[in-house]
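A.B. asks: Can you keep this structure in mind? I'll have questions shortly.
The values are calculated or read from the model by the stated rules, or taken from the named source; none is laboratory data. Owing to the predicted nature of the structure, the values given are computational and were not obtained by experimental measurement. In this analysis, Cβ positions are derived from the backbone assuming ideal geometry, glycine residues included, and neighbour counts consider all displayed protein chains.
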Amino acid sequence: MEIILTSIFSVIIIFTTFLFLIKAYIIAYKRKEISRNKFIFLSTISLLISVIVASVLPFAFHALYSYLY
């Protein structure tokens, strides 16, 4: 049960961070500080890293909790 709750809380934090990164990329794109291609690249990479980390976290928490308890 604690693994599920910890994973859900961590996923919320990860995707909140992802959304704030996207907002920062949009602001930079509107100010012409980054190009359209760089905006798409950074958004895609941020999404991929967020999904990978969020999908690996439950297994990492399970390993951590089984090691500690």
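A.B. asks: Could you give every pair whose Cβ atoms fall below 8 Å, whose first residue belongs to the stretch 5-24 and is among the small types (Gly, Ala, Ser), and whose second residue is in a helix (DSSP H, G or I) and surrounded by 12 or more Cβ atoms within 10 Å (Cβ to Cβ), counting only separations of at least 6 or pairs across chains?
C.D. replies: Partner pairs satisfying both residue conditions: 7/57; 7/58; 7/61; 10/54; 10/57; 10/61.
A.B. asks: Answer with yes or no whether residue 7 is at pLDDT 95 or above, closer than 17 Å to residue 57 by Cβ, small (Gly, Ala, Ser) and assigned to a helix (DSSP H, G or I). Working first, answer last.
C.D. replies: Details: at pLDDT 95 or above: no; closer than 17 Å to residue 57 by Cβ: yes; small (Gly, Ala, Ser): yes; assigned to a helix (DSSP H, G or I): yes.
It is false that residue 7 is at pLDDT 95 or above, closer than 17 Å to residue 57 by Cβ, small (Gly, Ala, Ser) and assigned to a helix (DSSP H, G or I).
A.B. asks: OK, next. Please count how many residues of the stretch 20-69 are assigned to a helix (DSSP H, G or I), surrounded by fewer than 13 Cβ atoms within 10 Å (Cβ to Cβ) and among the hydroxyl-bearing types (Ser, Thr, Tyr).
C.D. replies: Going through the stretch 20-69 one residue at a time, the tally reaches 5.
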